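The values are calculated or read from the model by the stated rules, or taken from the named source; none is laboratory data. The shown structure was predicted, so the numbers you read here are calculated from the model rather than taken from an experiment. Heads up, the Cβs are rebuilt from the backbone with ideal geometry, glycines too, and the neighbour counts pull from every protein chain shown. The protein model used for the area step is the full one, side chains on, heavy atoms only, and it has no ligands, DNA or RNA in it. Shrake-Rupley method; radii C 1.70, N 1.55, O 1.52, S 1.80 Å.
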Amino acid sequence: MTMNRQESEKLIQEVLEVYPEATGKQRAKHLLANDPTLQKSNKCIVANKKALPGVMTARGCAYAGSKGVVWGPIKDMVNLSHGPVGCGQLSRGGRRNYVTGYSGITVFTDLNFTSDFQEKDVVFGGDKKLAAIIDEINTLFPLTKGVSIQSECPIGLIGDDIEAVARKKAKDIGKTIVPTRCEGFRGVSQSLGHHVANDTIRDWVLPNRDDQQASIESTPYDVLLTGDYNIGGDAWSSRVLMESIGLRVIGQWSGDGTLSEMELIATLKPKLNLLHCYRSMNYISRHMEEKYGIPWLEYNFFGPTKIAESLRKIAARFDETIQANAERVIAQHQAEMDAIIAKFRPRLEGKRVLLFVGGLRPRHVIGAYEDLGMEVIGTGYEFAHNDDYDRTFKELQDGALIYDDATSFELEAFAERLKPDLIGSGIKEKFVFHKMGIPFRQLHSWDYSGPYHGYDGFAVFARDMDMAINNPCWGKMTAPWKQKAQAVGTGVAEAA
């Protein structure tokens, strides 16, 4: 069943009728039936605005965007959650940012470092405690390259001067200390946390070696991978592809990345910065282009169609040797991709998908689903800006639903009416749709699977979608609220 713009608009109106008038008017600005010919979204959909008070939202906070996304995967430094213990504990390990190294010796991503704020810290301030913790970290973990201070809500409320502490301790221990003002109450979502983290890279990391001579000789084929957080090994798959066409990856920001890689970029000056997650790291990419003359290019390694398209786009920035290598690599994998599609497409052809994720996935994964013959009938972002929707219009079929910061009610209503064969969203939505008997894949951390990037990743992606959709358990499930209704309808007394 192909989506129809008029039917989608009618569905949106039906869903909006449930809201009070003022709420309905506000939510109407965030819902749209797709028109692929649109160039600018700011006149037809509202994005990056505060969620309605009292309405359930899937968004995270600025701390989540900084610590959980940008800084958290950097493996050779300690990311210190400055505040109560809960934020650090709940944000540890959930993103599955794979790293290589020895935990507690050369890598620290799987450990929870927190200043464990108590009431007395809120009353008297935490600056002295923060300084003592940095000294303790340096003593217990001498191989750490530095510390990022990820401030939680109380820090901004009581006015701790984390910048002053960072400057003093950096001088005392001779390591990079990065103060990050990512208190959760800032901004409207985790998107501001991405921006804040990018700004701290700009101000506290990149200038550190501006005047130093690079210790590594540069080549005409040096590239930087940005905005790939190595969830389930994604960055490794991307790196293999880049190197297979003859490029040299000199840094990964920030999946399986290091502080040294970040500091060296200013001196090494790669020929191209390859940006995967536009939403989270376009800010630092623009800065590096303006200050250091490093151009950036967005790429998409989900599914063979987009992989080939991206490899050719990347290779076009280099010489004929790289271009020939790209064609060779694409041809090398064609038979393997054809075999995967031949195996899974008959089982997935025509299946309909609803997406609601963050970052890049609401548009980047569309091509991978289409490679398998599946149809994305709706997509939306938790924390997008309007330029994300500008890029989404042309990726999505005409008439498909687009929803910004969708409420729980909207997602459930769309699912009830459209009856998708699969929903791809986050952990907050997962178990609701499981209870509804709808196949679901967690598209923030790949449901403990992956990688999904690259040619090898597409094989895993296709297998996972098949296992989710064609599992016979879904036909045997009845939602708990429907079980109760059926019991009442048949006169069966509900058990006490």
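Would you mind telling me the share, in percent, of accessible area of the chain contributed by carbon and sulfur at probe 1.4 angstrom?
54 percent
Where in the chain are the helices, taken as whole DSSP H runs, whose Cα atoms extend 24 angstrom or more along the long axis and whose Kyte-Doolittle mean reaches at least 1.0?
Length and hydropathy pass: none found.
Tell me the Rg and the Dmax, in Å, that the Cα atoms of segment 222-332 produce.
For segment 222-332, the Cα-based Rg and Dmax read 13.2, 39 Å.
Tell me the Kirkwood radius of segment 62-209: reciprocal of the mean inverse pair distance over distinct alpha-carbon atoms, in Å.
One decimal place: 15.1 Å for the Kirkwood radius.
Peptides 400-406, 311-317: what's the order by average Cβ count within 10 Å, highest mean first?
400-406, 311-317
What number in nm² do you get for the chain if you take the convex hull of its Cα atoms and divide its surface by four?
26.9 nm²
Using label points projected 7 Å from each Cα along Cα→Cβ, tell me how many nm separate R5 and V18, to one decimal.
Placing both labels 7 Å along Cα→Cβ, they lie 2.7 nm apart.
Quick check: the distance between the Cα centres of segment 89-163 and segment 254-273, to the nearest angstrom?
Spelled out, the Cα-based centre of one part sits 23 Å from the other.
Could you work out the relative contact order of segment 222-332, using alpha carbon pairs under 8 angstrom and six or more residues apart, expressed as a whole percent?
It comes to 26 percent, rounded to a whole number.
So for each of 295-304, 186-195, 431-440 I average, over its residues, the number of other beta carbons within 10 Å; can you give me the resulting order with the highest mean first?
My ranking of the peptides, most packed first, is 186-195, 295-304, 431-440.
Full extension from E217 to R248: what is 0.36 nm times the residue separation minus their Cα-Cα distance, to one decimal in nm?
Between E217 and R248, full extension yields 10.0 nm more.
Which distance in Å, rounded to a whole number, links the C-alpha centroids of segment 313-355 and segment 442-462?
15 Å
Compare the peptides 256-264, 177-185 by average per-residue count of other Cβ atoms within 10 angstrom and give them in order, highest first.
Top to bottom by mean Cβ count within 10 Å: 177-185, 256-264.
Given N residues in segment 1-135, what is its alpha carbon radius of gyration divided by 2.2 N^0.38 Å?
1.57
So how far apart, in nm, are the two label points at K49 and T139 if each is 7 Å from Cα heading toward Cβ?
If labels sit at K49 and T139, their model points lie 5.3 nm apart.
Size of segment 296-383 along its principal axes in angstrom, Cα-based, largest extent first?
Principal extents (largest minus smallest coordinate, Cα): 41, 35, 12 Å.
Would you mind computing, in nm to one decimal, how far apart the modelled labels at N42 and K313 are, each placed 7 Å from Cα along Cα→Cβ?
2.2 nm
Compute the FRET efficiency between A132 and Y102 as 1/(1 + (r/R0)^6), taking r as their Cβ-Cβ distance and R0 = 22 Å, and round to the nearest 0.05.
Plugging the Cβ-Cβ distance into 1/(1 + (r/R0)^6) gives 0.25.
How much net charge surrounds W446 when only the other residues with a Cβ under 14 Å from the Cβ of W446 are counted, with Lys and Arg +1 and Asp and Glu -1?
With Lys, Arg at +1 and Asp, Glu at -1, the net is +1.
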